[in-house]
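*Asks:* There's a structure below that I have some questions on.
The values are calculated or read from the model by the stated rules, or taken from the named source; none is laboratory data. None of the values given here were measured: they were computed from a predicted structure. Neighbour counts run over all protein chains shown; Cβ positions are idealised from the backbone, glycine included. For the accessible areas, the whole protein counts, side chains as well, though only heavy atoms, and no ligand, DNA or RNA atoms are used. Shrake-Rupley method; radii C 1.70, N 1.55, O 1.52, S 1.80 Å.
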Amino acid sequence: MALLTEYSTTARPDRRIIEVYDADAYLGDDDALAASMSQVVAGNGYHLYLHSLQDDIHVRVTLRIWDAPRSLPEDVEGAVPVSLESETGTVVINQFTLGPAGEMTLPRPGVYEGHAWWTGRQATGDYHTTCMHRRFTENWDRDRVRRAWRECPVQEQYVLDLWYTREPEPVDDEDL
């Protein structure tokens, strides 16, 4: 199996959420957002929500498109199956209320299946909690807090390993 394309960016998990969605899928999904709190990554087919345990330290988000199904790496912290439909062939990585962190052009529009997996989520969350406690007990100023976020010893990372499965569903003119 061959890697067709890969895109990676860092994003701040504003309100503990990173969104991944088709460039024309503007409307979110409250049920999928709520599900991400227990599943870590959840979606509705057009939107994926990645739920971090913290909202200050930038995380790495990587999308990899493969030519065939791929198995999970052995050293992941967690994983879930995902599906993402992209009618435009452009996927946006969004920082919830802060705006886009980046976008990726897919090899072609369509439905992509695969899995999302993550590493460093718990360790980054624990580091954030410790720093927030120290911020108040040691009276850290704003510069010290920012330095702590930059010095996080663990990189929280989310990877979407996807492969093309079919053409996108046609848009019904009545839905427009």
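*Asks:* For the range 1-87, which GluC sites (Glu not before Pro) are both in a DSSP coil and crowded by at most 16 other Cβ atoms within 10 Å?
*Replies:* E74, E77
*Asks:* At a probe size of 1.4 Å, how large is the accessible area of I18, to the nearest 10 Å²?
*Replies:* 0
*Asks:* Which one, S86, A35, P13, is farthest towards the positive end of the dipole of the chain when Lys and Arg carry +1 and Asp and Glu -1 on their Cβ?
*Replies:* The one lying farthest along the dipole's positive direction is P13.
*Asks:* Can you tell which of S38, S52, S86 shows the greatest fluctuation in a Gaussian network model of the chain with Cα springs below 10 Å?
*Replies:* Top of the fluctuation ranking is S38.
*Asks:* Under 5 Å between amide H atoms, partner at least 5 residues away or on a different chain: which partners does Y46 have, H built in plane at 1.01 Å?
*Replies:* E85
*Asks:* How would R60, R166 line up by accessible area, probe 1.4 Å, largest first?
*Replies:* From most exposed to least exposed: R166, R60.
*Asks:* Just read off the accessible area of M132 with the full protein assembly in place, 1.4 Å probe, to the nearest 10 Å².
*Replies:* The value for M132 is about 50 Å².
*Asks:* State, as an integer percentage, the relative contact order of the chain based on alpha-carbon contacts under 8 Å between residues 6 or more apart.
*Replies:* With pairs under 8 Å counted, the relative contact order is 28 percent.
*Asks:* Here's a follow-up. What ranking of L84, L3 comes out by heavy-atom accessible area, probe 1.4 Å, highest first?
*Replies:* The residues order as L3, L84, largest area first.
*Asks:* Assigning unit charges at the beta carbon (Lys, Arg +1; Asp, Glu -1) and nothing else, what dipole magnitude in debye, to the nearest 20, does the range 3-134 show about its Cα centre?
*Replies:* Around 400 debye, computed over the range 3-134.
*Asks:* Of all beta bridges DSSP finds with both residues in the chain, what is the antiparallel percent, to the nearest 5?
*Replies:* Roughly 85 percent of the beta bridges in the chain run antiparallel, per DSSP.
*Asks:* Now for a separate question. GluC sites (Glu not before Pro), restricted to the range 101-176: which are DSSP loop and have at most 12 other Cβ atoms within 10 Å?
*Replies:* E138, E151
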